[in-house]
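I have placed the structure first, in the form of structure tokens, so that the comments after it can refer back to it.
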Amino acid sequence: MRLVPIFSHDNGDYELFRNEIIHIARKNLRVPNDGEWYTSRGGLRSPVIDDSCPMEPDGLSVFADLNNWIEWKLNESARELFSGLSVRLKINRSWICMNRARSGDWNVPHDHGSDNYLSGVFYIDVPSDDCGNLYIMNPNVVSFFKSGNERSYSDLSEMVPREGRLIYFPSDLVHFVGPNLSNVDRIAYSFNSIPVDPLSGKKYSTGYSSEFTDSVYGMIRDIHKSTSSSGDD
Ligand SMILES: [Fe+2]
């Protein structure tokens, strides 16, 4: 049972660009510098990819195509979550992460902050099981209450990585990645997204005081008001 929105989509065309994207991903991976704090325990990372720091040297087009597909899916979900709200989601930050074969490399529990809206992962190279599942923790307090062996509520959603699979969820959900115990490197592409006004291009923060959140609350209040008033009549 899941009590929070978690989305999963498979890219049916992944075979067409798989080899190119693995090649480019490996060229951009490095051991994190001393002092850099990452969620990785072991493993390699790419530099952060954003507007001011695009991927080098030749990864832009294949990752731009991937971003377009991910944003298409994100916006399908955004319409489902906030129907009627005219904003689009845009990837504002992304990076590649490799947990090495037979290393036990893993990622500690963390979230992607309240400044982002939906965050997620696209699996680039995960050719076998036991390379580290994704665990997303249920934020609802009720999930901690269980009776006997009955698991009426789940406190963890376990997601098995598959090549070409995209998984995303609200950015403030705590999640972690199990250790890579397989004989292959596990390479994944992670990202954050934020709402952008489709006309002006203005980027919104999703912090509680943001204009975007205010507009969502305003919309909910309007719906609530119209529902209440029709009930009173
Ligand atoms: Fe993460």
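The values are calculated or read from the model by the stated rules, or taken from the named source; none is laboratory data. Computed from a predicted structure; not experimentally measured. Glycine also receives a Cβ, built like all others from the backbone with ideal geometry; neighbour counts cover every protein chain displayed.
Cβ contacts < 7 Å: first residue basic (K, R), restricted to segment 114-130; second residue at pLDDT below 85, any location; separation 6+ or different chain. Result?
The qualifying pairs do not exist here.
Out of segment 16-43, which residues are at pLDDT below 85 and either polar (S, T, N, Q) or on the phi > 0 side of the Ramachandran plot (or both)? Write out each step before concluding.
In the first step, residues of segment 16-43 are kept if they are at pLDDT below 85; the result is 32-40.
Within segment 16-43, N33, G35, T39, S40 meet the criteria.
Do any strands (runs of 3 or more DSSP E) lying entirely in segment 100-170 carry at least 2 residues that are out of contact with any Ser or Thr (no Cβ under 8 Å at 6 or more places or on another chain), surrounded by 15 or more Cβ atoms within 10 Å (Cβ to Cβ) and modelled with pLDDT of 90 or more, and which ones are they?
118-125
Among the residues of segment 180-193, is any at pLDDT 95 or above, of a type in the set (V, I, T), crowded, with 16+ Cβ neighbours inside 10 Å and within 16 Å of the ligand (Cβ to nearest atom)?
Yes.
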